[in-house]
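Have a look at the structure below before the remarks.
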Amino acid sequence: MIVLKTDNELALLREANRIIAVILTELKEKIRPGITTLELDQWAEQRILDLKAKPGFKGYPGPAGAKPFPATLCTSINHEVVHGIPSAQRRLQEGDIIGVDVGTVYKDYYGDGAYTYAVGTISASARDLLETCEQALHRGIEQAVPGHCLGDIAKAIDGHVRGRGYEVVRDLSGHGIGRQLHEDPQVLNYYDGQRGAKLKSRMTLAIEPMINAGGYAVRTMDDHWTVVTSDGSLSAHFEHTVALTDNGAEILTRL
Ligand code: MF3
Ligand code: CO
Ligand code: CO
């Protein structure tokens, strides 16, 4: 069931997701060679609390066999796709790329957004991968209009990514968001030939393409969380939470 949000709910979602934008913007200054992913996580947790929200991912139940997610951020470096666990052992190095996904809860409503950062100077090929993923997200958002279908979002993302010679990860998707982090509908990033559900005003969606420089296949590490590319190729992830209105998509996590 897809929940359409009231004005009051949209106001709370705006605040939860504005905080995401603050975190992702301020992280640009923090992400430097030498910092650990645990330091980033500790900073983000305190900043979210200062902004009167709570971390949205901490304690989130995992897949069978996994412990609940232990941190505020998901930090995924290079060939890690998503859901990397922050660690004092992981120090960023010049030339890395790092996807940071952050969640908040504000008065029972969730915020969710992600950005992939360059650590210092990165290769031209890594830069191109990041640009393509961010562009693909915006191509998808352009299609998030009442009257269109979920398949239009998928087609726009997939078309852009393949046109640039990359692959969209298929095992993970975007989602509705509101009182729960993951609500209906699933928002696929690849086109499976289905038109999918009709989009309506007041739907709130997290749109989040994950793209690989190599093949689309991924696997999960022994920690039960970290998803990596099967072929070891670089991966990028960008995510915005949007609210659909009669005037198009309002990006609630706009940086
Ligand atoms: N933020 C992810 C998403 O974009 C989900 C993270 S799973 C969690 O949907 F356990 F870390 F919360
Ligand atoms: Co996310
Ligand atoms: Co999400």
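The values are calculated or read from the model by the stated rules, or taken from the named source; none is laboratory data. Everything quoted here is computed from the prediction, not taken from an experiment. Note that we place each Cβ from the backbone using ideal geometry, even for glycine, and neighbour counts take in every protein chain shown.
Checking every residue in segment 58-65 against the condition of being within 16 Å of ligand 3 (Cβ to nearest atom), crowded, with 16+ Cβ neighbours inside 10 Å and at positive phi gives zero matches. Within segment 177-196, the set of residues being surrounded by 21 or more Cβ atoms within 10 Å (Cβ to Cβ) and either in contact (Cβ under 8 Å) with a residue 40 or more places away in the chain or part of a strand (DSSP E or B) (or both) comprises I177, G178, V187, N189.
What are the residues in segment 156-180 that are among the aliphatic types (A, V, I, L, M) and over 30 Å from Y109 (Cβ atoms), if any? V161, the sole residue that qualifies. The residue pairs whose first member lies in segment 51-68 and is under 15 Å from T220 (Cα atoms), whose second member is β-branched (V, I, T) and away from ligand 3 (no atom under 16 Å from the Cβ), and whose beta carbons are closer than 8 Å, counting only pairs six or more residues apart or on different chains, are P63/T220. Considering only segment 75-122, how many residues are hydroxyl-bearing (S, T, Y) and either part of a loop (DSSP other than H, G, I, E, B) or modelled with pLDDT under 95 (or both)? Summing the residues that are hydroxyl-bearing (S, T, Y) and either part of a loop (DSSP other than H, G, I, E, B) or modelled with pLDDT under 95 (or both) in segment 75-122 gives 2. Among all positions in segment 206-224, there is at least one residue which is modelled with pLDDT of 95 or more, within 16 Å of ligand 1 (Cβ to nearest atom), farther than 17 Å from S76 by Cα and surrounded by 23 or more Cβ atoms within 10 Å (Cβ to Cβ). Among the residues of segment 157-173, which ones are touching a Gly at 6+ places or on another chain (Cβ under 8 Å) and either within 13 Å of ligand 3 (Cβ to nearest atom) or assigned to a helix (DSSP H, G or I) (or both)? Within segment 157-173, I157 is the sole residue that qualifies.
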